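Participant: Next up is a structure, given as structure tokens.
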Amino acid sequence: MNTDQLVETVRRRFDHDAAKRVLKEKYEAKMLFAHAGGMWRAGPELLKTLDICFEEECVLLDEYGNPVKVNVRDLELLAQQRWQEQMNGWLNEFQELSRQR
């Protein structure tokens, strides 16, 4: 492999890794949503926390550390929908990015 080919391979690899980081940041930002006066981040941690709440309403700390009284099932439904929508979008863009590489 000559120097030009090596440089091009490294450049493509670096560009791909940078694009993956940008994609991750983009979709992590889209996981945030407002509900019941609080800001929440959809994800496994929130979903599991909601799953173990057996009361209809409970007080949870939102993303900014504020205690918020929420309807558990409403928040869980919104979090699941947001999580799945964004993960599907992330997967589609990641697959397209991988095809371009």
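Nothing in this text is a laboratory measurement; each read-out follows from the coordinates by a stated rule. Bear in mind the structure is a predicted one, so any value in this text is a computation, not a measurement. Cβ sites come from the backbone with ideal geometry, for glycine too, and all protein chains shown count toward neighbours.
Participant: Once you charge only the Cβ atoms, +1 for Lys and Arg and -1 for Asp and Glu, what is the size of the charge dipole of region 3-100 about its Cα centre, to the nearest 20 debye?
Facilitator: The calculation lands at about 400 debye.
Participant: What length, rounded to one decimal in nm, is gained on full extension from residue 30 through to residue 3, with 0.36 nm per residue of separation minus their alpha-carbon distance?
Facilitator: The residue 30-residue 3 span can extend by a further 5.6 nm.
Participant: Report the one residue of 37, 19, 71 whose Cα lies farthest in the direction of the positive end of the charge dipole of region 3-100 (charges on C-beta: Lys and Arg +1, Asp and Glu -1; origin at the Cα centre).
Facilitator: Highest projection toward the positive end goes to 19.
Participant: Cα to Cα, under 19 Å, and not fewer than 8 places away if on the same chain: which aspartates and glutamates meet these conditions relative to residue 24?
Facilitator: Correct list for residue 24: 15, 45, 63, 85, 93, 96.
Participant: Run the numbers for residue 95 and residue 47: contour at 0.36 nm per residue of separation, minus the present Cα-Cα distance, in nm.
Facilitator: Working: separation 48, 0.36 × 48 = 17.28 nm, distance 2.57 nm.
My answer for the length gained is 14.7 nm.
Participant: Match the structure shown to one of the listed values (1) 14.5; (2) 23.4; (3) 15.8 of Kirkwood radius over Cα pairs in Å, computed from it, and give that label.
Facilitator: From the options (1) 14.5; (2) 23.4; (3) 15.8, the structure gives (3).
Participant: Cut-off 10 angstrom, C-alpha nodes, Gaussian network model of the chain. Which of 76, 28, 45 fluctuates the most?
Facilitator: 45
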